[in-house]
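Data block below; observations after.
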Amino acid sequence: MINKLLSLFGLLLISYQLNAASFKVYEGAIPLTKQAAVLEAADKFMKSETGKTFKGGFHINTILANGISPATHNFALLMPSLEDIHKWESSLVGNSDIQEFWKVLDQHSTPVSEFMGSLIKTWGNVSNEDQFWLLTKFRTTDPAKVVAAQDKLDKALSDKFPGQVILHAISIGNRTGRNNDYSTHMFIVGYKSVKEMESWTNYMNMQPAWAEYLNSLRDVVTWQGSELIQNTVIYDNGMDVESFHGQ
């Protein structure tokens, strides 16, 4: 009976994300000499009449380390739902305000990937002050067990943890490209600085609770690597990080 209830809870977590605060991420490779032009074009659009009507958050992030991926930046849309993202993007078809931004992207960047998903749960201190984000994608056969393990870890270390942890389900565009593997979820851990991240990582790696956490998920989680990104420009008049994670 307990196993059936846990399986049902896992299914509820996956279905819940269809109506939760949602995101869409575009990854691209932009040469160093072209980045200023892309940022300028994005800023011009966000300050246009159309850009001012955007009801979500728009983050342009620099990717500091991401393994073999050629992506150097990502563009993240934060909105109340997947439907809202679809409506916003559909409204831009044929829109004159965004044409220049798209033209600059076509000239100065190479698309790498895109994916969509929705918020499941947060832990720690949700704050707009965090500027560095450690992203870890993974595949799990038991979402409920992941949440329970994170709850337990948070209870053990929350009095020391300085950042925030966000769990997202990745529902669309989740193929990794390696042996047809795919991601089901993504942890995002936010910090105010690289120093804060480094100090916490050194501390956590010495804690028995962290070893217990990893061991508890060994049979149900396949970790797929991490990447570190930094906020470059944030447009959050429609929705900031705190309100997005409060959905």
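FRET efficiency for the pair E83 and S113, taken as 1/(1 + (r/R0)^6) with r the Cβ-Cβ distance and R0 = 30 Å, rounds to 0.85.
With the helix formula -39500 (n - 2.57) applied to DSSP H stretches of n ≥ 4, the chain reaches a computed 222 nm mean residue ellipticity of -11000 deg cm²/dmol. Net charge around K192, counting only other residues with Cβ within less than 9 Å of its Cβ (Lys, Arg = +1; Asp, Glu = -1)? Cβ neighbours under 9 Å give a net charge of -2. Within straight-line reach of K34, meaning a Cα separation under 17 Å, sit the following aspartates and glutamates at least 8 residues removed in sequence or on another chain: D43, E100, D106.
Which whole-angstrom value gives the distance between the alpha carbon centres of the range 167-228 and the range 111-141? First find each Cα centre; the distance between them is then 10 Å. Count charges around I63 for me, please; just the other residues with Cβ under 11 Å from its Cβ, Lys/Arg as +1, Asp/Glu as -1. Residues near I63 contribute -2 overall.
Of all lysines in the structure, those lying under 16 Å Cα to Cα from K47, and not within fewer than 8 positions of it along the same chain, are K55. Note on S91/M204: beta-carbon distance plugged into 1/(1 + (r/R0)^6) with R0 of 45 Å gives a FRET efficiency of 0.55.
Pairs of lysines in the range 67-177 whose Cα atoms sit within less than 15 Å of one another amount to 4, provided the residues are eight or more positions apart or on different chains.
Summing +1 for each Lys or Arg and -1 for each Asp or Glu among the other residues whose beta-carbon sits under 12 angstrom from that of K152 gives -1. Cross-link partners of K195 among aspartates and glutamates, defined as those whose alpha carbon lies under 20 angstrom from its own and excluding same-chain residues fewer than eight positions apart: E129, D130, D159, E227.
Helix 35-46 axis versus longest C-alpha principal axis of the chain: approximately 80°, rounded to the nearest ten.
Using alpha carbons only, what's the Rg to Rh ratio of the chain with Rh from Kirkwood? The Rg/Rh ratio comes out at 0.97.
Checking every one of the GluC sites (Glu not before Pro) in the range 74-152 against DSSP loop status and a limit of 16 other Cβ atoms within 10 Å picks out E129.
Rounded to the nearest 10 degrees, the angle from helix 143-157 to the longest Cα principal axis of the chain is 80 degrees.
Read-outs: derived from the displayed coordinates by stated rules, not from any lab. Note that this is a predicted model, so its numbers are computed, not measured. Cβ: placed from backbone, ideal geometry, glycine included. Neighbour counts: every protein chain shown.
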